[in-house]
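Trainee: For reference, the structure I am asking about is given below.
The values are calculated or read from the model by the stated rules, or taken from the named source; none is laboratory data. Here the structure is a predicted model, which means the values were calculated and not measured. Cβ: placed from backbone, ideal geometry, glycine included. Neighbour counts: every protein chain shown. For accessibility, only protein heavy atoms count, side chains too; no ligands or nucleic acids. Shrake-Rupley method; radii C 1.70, N 1.55, O 1.52, S 1.80 Å.
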Amino acid sequence: AAAQAAEVAALRTRLTSFACSELGQAHHSGRLDGHHGASGGTVSFSASPAKGRQTGACDELVAACRALLDVCRQAGAAHQERALLDSLVGLWADAPAASPVRMPLLCLLEDALLGSADVGPGASGGSRAGAGPGGGSGDADVLATWARSLPKLLWQLHDRQPQLSCALLRSLRRLADSSVGSARAELLSSVQPSLEPFFCSRGRDGRPPILGPFLALPPPARRLALHTSLRSAPISPRLLAAIARCALAGAAAPALRRAALEIVGAVEAAGHCHALSLQSRVSFYATLLRETAAAAQAAGGTASQPHGPEAHPPVGQAAETINESGVGEGSLTLAEFRAKTLEALRRAEVQGGAVVTEAVARFAWAPATLS
């Protein structure tokens, strides 16, 4: 039995070494590189039989690595598991943004690295049975390297691969869910500011803000991005400011105004699940109202303040009110956008027992925050 166990361990070692070697050669051999047509658009790998075979082989390699990771984990071979994960994350880092291997590799790394949430910082992380990496500092480094690459890839993809963008956002959502009450919360806090360019970066040296791909994505991807970003408490102030810049950019463009209203609704929903403080929400709404005031006046009037019972609908109906107004067809005027934002501000003030007329003066962000 001891001889058989040693033979199995030696075979596992050779398989791991072979897989790591193959992963290291994959990018350099061109198996992950796309080719482009004359117009510059990416051509499907299936257009070339040789390229198709190479991509298929790489997919098979990723599938084999998944099985090998399971074997290493079940055998308690932490060193071999770590070596294989290092090679997989290296392949992830080297692959082109739109490589066909991105999706299967993303699924593999998500399952391997986020298989289960860490125990709390004060608990023992020695048992690894059935758990993803995170028990040791080396595993935490692998997870951090992969997690911090996700926002950058979202920005690089822009709106060219919405399906992959949604998959990346779901991975971030899973990271956020696994971070609640765990040692991963610090990692999530370090990842959040990197999402700023995905929404809207601050302009430098007096230049205007730089819009990211968020507003160019289809509505389902936008909603997933907002859900992922706004319900991952505590939310980075930089990230919230970037989302506010997105809302302002959307409010200024008639075609994007409903997307801006979706942002207002998402901020309100984040307040209901206690991911955003009352002060943060009031600051957000007040800033939108202040920054759009001049444009509204130039358009021929400001948004009227709502009166009567509809001015203060039950708090539980707040998100539904915004969402219903944001999914309809047709254009939305700036005055209508401002009226809906003011309603959200009023509901927040009613919920917190504050005075609406003092909110703008007390909580509106300074213009420098958004420039």
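Trainee: Figure the gain on full extension for Cys273 and Glu186 (residue separation times 0.36 nm, minus the Cα-Cα span) and round it to one decimal in nm. All intermediate terms of the calculation are to be shown ahead of the outcome.
Mentor: Details: separation 87, 0.36 × 87 = 31.32 nm, distance 2.06 nm.
Length difference between fully extended and current span is 29.3 nm.
Trainee: Still on this model: Report relative contact order for the stretch 209-286 in percent, whole number only (criteria: Cα-Cα under 8 Å, sequence separation at least 6).
Mentor: Worked out over the stretch 209-286, it gives 32 percent.
Trainee: Can you give the FRET efficiency for Ala216 and Cys107, using 1/(1 + (r/R0)^6), R0 = 35 Å, r = Cβ-Cβ distance, to the nearest 0.05? Working shown, then result.
Mentor: Numbers: r = 25 Å, r/R0 = 0.71.
Efficiency for this residue pair is about 0.90.
Trainee: Just how far, in whole angstrom, is the stretch 238-285 from the stretch 141-206 if you go by their alpha carbon centroids?
Mentor: Measuring centre to centre over Cα atoms gives 18 Å.
Trainee: Distance in nm between label sites at Ala10 and Ala63, each 7 Å beyond Cα in the beta-carbon direction?
Mentor: Taking the simple label geometry, Ala10 and Ala63 are separated by 3.1 nm.
Trainee: Compute the length gained on full extension between Ala97 and His227: take 0.36 nm times their separation in residues and subtract their Cα-Cα distance, giving the result in nm to one decimal.
Mentor: Length difference between fully extended and current span is 44.4 nm.
Trainee: Rounded to the nearest 0.05, what FRET efficiency is calculated for Ser331 and Ala293 with R0 set to 22 Å and r the Cβ-Cβ distance? Working shown, then result.
Mentor: Values: r = 20 Å, r/R0 = 0.93.
Calculated value: 0.60.
Trainee: At a 1.4 Å probe radius, carbon and sulfur cover how many percent of the accessible area of the stretch 246-295? Walk me through the numbers before you get to the answer.
Mentor: Numbers: 910 of 1480 Å².
Carbon and sulfur: 61 percent of the exposed surface of the stretch 246-295.
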